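Visitor: Pasting a structure below so you can have a look.
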Amino acid sequence: MRKILLTLITMSLIACSLAAQTTKLWTENDRQYLLDNLTRSYNKVIKETHNLTPQQWSFKESPDRWSINQVVEHINIYELLFQREITLAIASKLKPELAVNTKPDSLYVGFIMEEKQHITEDYTKPFTYSVPLGLYEGKNNIAMFTKLRNESIDFIKNTKEDLRLYSSKEGRPNLHQLYIYVFGHVDRHLRQLEKIKHHPNYPK
């Protein structure tokens, strides 16, 4: 009981301190870090998909692997899912307790950048998002990716919110860390695009 009381007092003091302070936990260096990486990963996707032929867009290393077109569609799906989570977090109240309980950024960078394959999260399974259908032309998927990424970049450029004080729910990263997932997820699939393009049967 005493431990719970001390925790509540500590959180209350932190909340009061955060409300009174003028310096945000989310810094301009944080803003620039996200802008640099969101822009870098976007430009890399555009470079890797520039002037692809229909055969290159649709090529698969094997029948059970994704094409470049499907990879970009999958990226778009997750950009939408991340945007939804970010919107819900911003619409909810500030969570100053995140300043106490948050895990270091390096944990999220390490997770999203690791080499081993990730399994699609459960919330995507009812929508069969784990396997993109590839119903749209590659250029349309790129147009969608451009729209979504520009929205993210514009938000980071202009927001006055302290992104380290928002989270969609307990156990999830704060919004600065969630944006690390946004560009890190693309970096993971850029490795996949490069692997497809280096396959010996990839159309020239």
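Taken together, the values in this text are just the output of simple stated rules run on the coordinates, not laboratory data. Being a predicted model, the structure only gives us computed values, none of them experimental. Quick reminder, even Gly has a Cβ in these numbers, built from the backbone with ideal geometry, and neighbours come from all protein chains shown.
Visitor: Expressed in whole Å with the largest first, what are the equivalent ellipsoid semi-axes of segment 24-197 derived from the C-alpha gyration tensor as the square root of 5 times each eigenvalue?
Guide: Sorted largest first and rounded, they come to 30, 17, 14 Å.
Visitor: Per-residue HN-Hα couplings for segment 194-204, Karplus 6.51 cos²θ - 1.76 cosθ + 1.60 at θ = phi - 60°, whole Hz, x for Gly and Pro?
Guide: Once θ is set to phi - 60°, the couplings for segment 194-204 become 5, 5, 4, 6, 9, 5, x, 9, 4, x, 8 Hz.
Visitor: Also: Cross-link candidates for LYS139: which lysines have Cα within less than 24 Å, leaving aside residues fewer than 8 places away along the same chain?
Guide: LYS44, LYS47, LYS60, LYS147, LYS195, LYS197, LYS204
Visitor: At 0.36 nm per residue, minus the direct Cα-Cα distance, what do LEU133 and HIS198 gain on full extension? Give it in nm, one decimal, please.
Guide: Roughly 21.1 nm would be gained on extension.
Visitor: Arranged by the count of other C-beta atoms within 10 angstrom, fewest first, what order do VAL71, VAL109 take?
Guide: With the sparsest Cβ surroundings first, the list reads VAL109, VAL71.
Visitor: May I pose another question? Averaging sequence separations of C-alpha pairs under 8 Å and six or more residues apart, then dividing by the length of segment 24-197, give the relative contact order as a whole percent.
Guide: 44
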